[in-house]
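Peer 1: Got a structure for you, questions after.
The values are calculated or read from the model by the stated rules, or taken from the named source; none is laboratory data. Please read all numbers here as calculations on a predicted model, not as lab measurements. Please note: Cβ atoms are built from the backbone with ideal geometry, for glycine as well, and neighbour counts cover all protein chains shown.
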Amino acid sequence: MTRKWDVRANRREIACDTIFLWSFPGIFRYNMDNSMVLFLTLLLVFVSFGNAASTSRNRVTSGPPIVSEQQAQDWLRLWQKRLHLEDWKIEVKIVRIWDLEQGTLGHIDWSVPHRTATIKVLNSADYELPKDKIAGDVELSIVHELVHLQLSVLPLNKSTRGTEEQVVTMLADALVDREHYHSPTE
């Protein structure tokens, strides 16, 4: 079946649409107030694009990744052993920023009955840190998520979630700092 183009029907459709739009008096009147609103809107759009460009300048956008999947796996195995989580089957994935909750650098999902977990850490392309700080931060994110896993035996309580996050952050920081800054005389 072929359909024919009915010019008259389309004209009626267009006419109905324009009648609808023109039924709101003042919307299409051009005056000084509208031009000022248009100018301010365009100004805000350009300023926001400028700010977005300046914040993304520090991001690593090309070249080989700073942290490879293999490096992330190596850190996972090292810290999994140190935190006595060898009986867990844990995988780590390097993911883009849109795969994580806003404002986070990592995430973990686990199943206690199956003893399985998946850690997601932020891809170096999405970091806003200097290049020399990214690898250490990815390692810290892996440790942070493993500490969450270590605490998974505790009951979840939404009212203490913020406190739990602070404790996990302090423990992960202390563990990584001890690993990297431990002097042999201590």
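Peer 1: Is one or more of the residues making up the stretch 135-149 touching a residue at least 24 places away in the same chain (Cβ under 8 Å), in contact with a His (Cβ under 8 Å, 6 or more places away or on another chain) and among the acidic types (Asp, Glu)?
Peer 2: Kept after step one, since they are touching a residue at least 24 places away in the same chain (Cβ under 8 Å), are these residues of the stretch 135-149: 135-149.
Subset that is in contact with a His (Cβ under 8 Å, 6 or more places away or on another chain): 136, 145.
The next check asks that each one be among the acidic types (Asp, Glu); those that pass are 145.
Checked the stretch 135-149: at least one residue is touching a residue at least 24 places away in the same chain (Cβ under 8 Å), in contact with a His (Cβ under 8 Å, 6 or more places away or on another chain) and among the acidic types (Asp, Glu).
Peer 1: Could you list, in sequence order, the residues of the stretch 98-131 that are surrounded by 13 or more Cβ atoms within 10 Å (Cβ to Cβ) and either of a type in the set (A, V, I, L, M, F, W, C) or not assigned by TED's automatic domain parsing to the domain that holds Leu85 (or both)?
Peer 2: Across the stretch 98-131, the qualifying residues are Leu100, Leu105, Ile108, Trp110, Ala117, Ile119, Val121, Leu122, Ala125, Leu129.
Peer 1: Something else now. Return the total of residues in the stretch 131-163 being part of a helix (DSSP H, G or I) and more than 21 Å from the chain's Cα centre (by Cα). Spell out how you get there, then give the answer.
Peer 2: Narrowing the stretch 131-163 to residues part of a helix (DSSP H, G or I): 131-153, 158-163.
Still in the running and more than 21 Å from the chain's Cα centre (by Cα): 150-153, 158-160, 163.
Count: 8.
Peer 1: Now a separate question. Considering (1) touching a Gly at 6+ places or on another chain (Cβ under 9 Å); (2) more than 17 Å from Glu69 (Cβ to Cβ); (3) among the hydrophobic types (A, V, I, L, M, F, W, C); (4) not in a helix (DSSP H, G or I), say which one Ile119 fails and leave the rest.
Peer 2: With (1) touching a Gly at 6+ places or on another chain (Cβ under 9 Å); (2) more than 17 Å from Glu69 (Cβ to Cβ); (3) among the hydrophobic types (A, V, I, L, M, F, W, C); (4) not in a helix (DSSP H, G or I) applied to Ile119, the lone miss is (2).
Peer 1: So is Ile134 within 17 Å of Ser68 (Cβ to Cβ) and surrounded by 11 or more Cβ atoms within 10 Å (Cβ to Cβ) or not? So that I can check it myself, show each step before the final result.
Peer 2: On the way: within 17 Å of Ser68 (Cβ to Cβ): yes; surrounded by 11 or more Cβ atoms within 10 Å (Cβ to Cβ): yes.
The answer is yes for Ile134.
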